[in-house]
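Colleague: First the structure, which I've put down as structure tokens, then a few questions once you've had a look.
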Amino acid sequence: FPPKKFKLTLDRSGTEIEDIIKAVEVAQASILDLYNEPDFTAYAPGKFNTSFRYELADKTGKQVASAGLTDLDICLPCTLAFVPELAAGMRRMSELHVTLLTAMETLSAEVLNYMDKLPEGTPVAAKELLHLGGRAAVDQALSRLVRRGELMRAARGLYIRPTTGRFGAHPPEASKVVEALAAQRGERVARHGAMAANELGLTTQVPMREVYLTSGKSRSLQLGAQLIELRHVPEWQLVLPGRPAGAAIRALAWLGPKRAGAALRTLRQELPTAELQAMVGVRGRLPTWMAEEVSALANGG
């Protein structure tokens, strides 16, 4: 008799003897005409040609299935251990696992060695480490080092090495991280006008968090518990980087037109003449209201 392909459905939901008998009769009727079905040409002797499917229609059925799978998970390794071929394979897998762990630890050490050679606070992207290994292996090594506290994830795909001091590991200075990142990306950055105004004595207000202005895109960095914001601004707000004159321009931008006059009178007393002249020299790049205020410095006002 040639193999036939058929589907036998057995309803096991009944709890009374009459329901069970009826379900068996329905299942039996579904294969009475099996002789007239086409031959199963895909049948392969010695292979798995039969499949079973159970519909878990209620909570009890799902609980029973879950308990069965748990028992299988416990018993299967013990059963397979007595099959010589599988036991040898499991030993080989264990050896490979040890080899893999050793390779992963070696890669982690190479990542730390690479980052320790960089200046403090230098952020490193995962793509910069591909000379040490494949992308997946590098990502796993970085994640492992973050979990150990040996690296900090400053942003997605961006990592920094903590600084170790008398009181343990802590994030590097925000300014060093921001400046290093700007140098890598070819951006210009400067302290926010609120901080500049405070440092120049134009306000006693102290910003609650560190904000930097950038020619790049707006984004944030997480340095431990500290959130650093990089905010994109127009080019004129980044003039005269690293100079008191530039800080004064940014302070005026933060203070606004109404407070600019009083601020400039203070700056005239506090800044060297060279810095005041530098402010006058860039007035053509400033907004009209600020250019008018700064022009007073040239006119002796």
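Colleague: Run G68 past the list (1) modelled with pLDDT under 75; (2) surrounded by 10 or more Cβ atoms within 10 Å (Cβ to Cβ) and report the number of the one that doesn't hold.
Modeller: Looking at each condition in turn, G68 falls short on (1).
Colleague: Suppose the filter is assigned to a loop (DSSP other than H, G, I, E, B) and touching a Leu at 6+ places or on another chain (Cβ under 7 Å); does L202 pass it?
Modeller: On the way: assigned to a loop (DSSP other than H, G, I, E, B): yes; touching a Leu at 6+ places or on another chain (Cβ under 7 Å): yes.
Spelling it out, L202 is indeed assigned to a loop (DSSP other than H, G, I, E, B) and touching a Leu at 6+ places or on another chain (Cβ under 7 Å).
This table checks each residue for (1) touching a residue at least 24 places away in the same chain (Cβ under 8 Å); (2) open to solvent by 10 Å² or more (accessible area, probe 1.4 Å); (3) in a helix (DSSP H, G or I); (4) within 22 Å of Y212 (Cα to Cα).
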residue	(1), (2), (3), (4)
A247	yes, yes, yes, yes
A253	yes, yes, yes, yes
A262	no, yes, yes, no
T266	yes, yes, yes, no
Q269	no, yes, yes, no
M279	yes, no, yes, yes
G284	no, yes, yes, no
E292	no, yes, yes, no
S295	no, yes, yes, no
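Colleague: Go through the residues of the range 214-237 one by one and say whether even a single one is over 29 Å from the mean Cα position of the chain (by Cα), open to solvent by 10 Å² or more (accessible area, probe 1.4 Å) and without any contact (Cβ under 8 Å) to a residue 40 or more places away in the chain.
Modeller: Initially, the range 214-237 is screened for residues over 29 Å from the mean Cα position of the chain (by Cα), giving 235-237.
Imposing the further condition that a residue be open to solvent by 10 Å² or more (accessible area, probe 1.4 Å) reduces the set to 235-237.
Still in the running and without any contact (Cβ under 8 Å) to a residue 40 or more places away in the chain: none.
No.
Colleague: All but one of (1) touching a helix residue (DSSP H, G or I) at 6+ places or on another chain (Cβ under 9 Å); (2) among the basic types (K, R); (3) surrounded by 13 or more Cβ atoms within 10 Å (Cβ to Cβ); (4) assigned to a helix (DSSP H, G or I) hold for R153; state the number of the condition that does not hold.
Modeller: (4)
Colleague: Looking only at the range 3-47, filter to residues that are surrounded by 11 or more Cβ atoms within 10 Å (Cβ to Cβ) and of a type in the set (G, A, S); which one of those is nearest to the chain's Cα centre (by Cα)?
Modeller: Selected residue: S13.
The values are calculated or read from the model by the stated rules, or taken from the named source; none is laboratory data. Quick caveat, the model's predicted, so the values are computed rather than measured. Glycine gets a Cβ as well: all are built from the backbone with ideal geometry, and neighbour counts include every protein chain shown. Side chains included, ligands, DNA and RNA excluded: accessible areas come from the protein's heavy atoms. Shrake-Rupley method; radii C 1.70, N 1.55, O 1.52, S 1.80 Å.
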